[in-house]
Amino acid sequence: MSNCLTANVPEPVFQQPWHAQVFALTVSLNENGRFTWSDWVARFSAVLAQHGLDRDLDGGDDYFHAWLATLELILAEDGAAPAAEVDHLRDDWERAYLETPHGAVVDLDGA
Amino acid sequence: MPHDHSDHPHALLPPEPALRVKALETILIRKGLIDPKALNEIIDTYQNKIGPQNGAQVVARAWSDAEFRAALLSDATAAVSDLGYFGRQGEHMVAVENTDAVHNMIVCTLCSCYPWPLLGIPPAWYKSDAYRARVVREPRRVLADFGVTLAAGTAVRVWDSTAEIRYLVIPMRPAGTEGLDLEALAALVSRDSMIGTALAQKPAQKPTQDPG
């Protein structure tokens, strides 16, 4: 935890770029009416509790792993992003990173 | 799974969750369910525009303006909306005021509910299991970890935020700040003081009542 000496030292709002990206995806889907924020909180709280059963979660990677798991669950259930489709696109992205020369922009074909 | 790729230098592979987030993003964009520009706007807003400086303005005004303070304590959502602070996760805000008798702290025991329009995105420690569990059970010990010791007669009240209600702590105005303007006052109000894990800072000038 921080203490009074570090209270005003700026720290990054998001520790990892993917934390910011999954946060923005969720806020955007909520604003587009995909789910209410109360629904989100209920689902997310349940996943956090599940992940925290056998250990204390930190507020960084652990927290956003639970966040991502919640979003995957909701989007698989409502059909927007079925698990098989997510797995497939995840592999496409991995391949794109491995096949793109260092320094070039990584993109999916036809994305 | 690490692999040796020194012969074929390629783009750095992001961590597993980042690949999965990119997969979700690609699917949702292709289906027209989200707009990539909206994603960038959201990230930019919380990284660069909205943060505890907003809440600090509210506290400074409450310290300086009795009418505003009364309005803030009776209907915080309306009072801060008048200052331009409204939006996501700020639909129902409640201000709780520290006094000699009571010190307030906020938490979200379920996840991380927080008054975004006033404080931005919560820090990692606010989202940790350690804080969320301990602040309810042993608030004075948590305060001690943050370097705060309260007078023995001061009660501690912990407010549990929800998706519906977000709290903001109004810290006590430090002594020796009588002549300061709003900007100077706001500079004394840290994020943690509005969560309740810190006190407002004393002004840099020598306090009028120096016990030493």
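Among B:Arg134, B:Arg30, B:Arg88, which one shows the biggest mean-square fluctuation in a GNM of chain B, springs joining Cα atoms closer than 10 Å?
In this elastic network of chain B, the residue with the biggest mean-square fluctuation among B:Arg134, B:Arg30, B:Arg88 is B:Arg30.
What is the total of Lys pairs in the protein assembly as shown with C-alpha atoms under 29 Å apart, excluding same-chain pairs fewer than 8 positions apart?
Step by step, the pairs that qualify in the protein assembly as shown add up to 9.
Is there a quick way to get the dipole size of the protein assembly as shown? I mean about its Cα centre, with the Cβ of Lys and Arg at +1 and of Asp and Glu at -1; what is the value in debye to the nearest 20?
Values: 26 positive and 43 negative charges, 210 e Å.
So the dipole magnitude of the protein assembly as shown works out to roughly 1000 debye.
Which whole number gives the average, over all residues in A:96-103, of C-beta atoms from other chains lying within 10 Å of the residue C-beta? Provide the component values of the computation, followed by the final result.
Numbers: counts 5, 8, 6, 3, 3, 4, 6, 3.
That average works out to 5.
How high is the relative contact order of chain B, given as a whole-number percent (alpha carbon pairs under 8 Å, six or more residues apart)?
23
Using only the alpha-carbon atoms of the protein assembly as shown, report the extent along each of the three principal axes, biggest first, to the nearest angstrom.
68, 42, 38
Specify the angular offset, from 0 to 90 degrees and rounded to the nearest 10, of the alpha carbon long axis of helix B:16-30 from the longest principal axis of the alpha carbons in chain B.
The angle comes out near 80 degrees.
Considering only the protein assembly as shown, what is the antiparallel percent among its DSSP beta bridges, to the nearest 5? Walk me through the numbers on the way to the answer.
Details: 1 of 12 bridges.
Antiparallel bridges: around 10 percent, rounded to the nearest 5.
Please compute, for peptide B:109-117, the average count of beta-carbon atoms on other protein chains lying within 10 Å of each residue's beta-carbon.
For peptide B:109-117, the averaged partner shielding equals 4.
Which value at 222 nm does chain B reach when only helices count, each DSSP H run of 4 or more adding -39,500 (n - 2.57), with the total divided by all residues and rounded to the nearest 500 deg cm²/dmol?
Mean residue ellipticity at 222 nm (helix-derived): -11000 deg cm²/dmol.
Could you compute the net charge surrounding B:Pro117? Neighbours are other residues with a C-beta less than 10 Å from the C-beta of B:Pro117; K and R count +1, D and E count -1. Don't skip to the answer; put the middle values down first.
On the way: positive: B:Arg88, B:Arg166; negative: B:Glu91.
Combined, the nearby Lys, Arg, Asp and Glu give +1.
Only the coordinates and a few stated rules stand behind these numbers; no lab work does. None of the values given here were measured: they were computed from a predicted structure. Backbone-built Cβ (ideal geometry, glycine too); neighbour counts: all protein chains shown.
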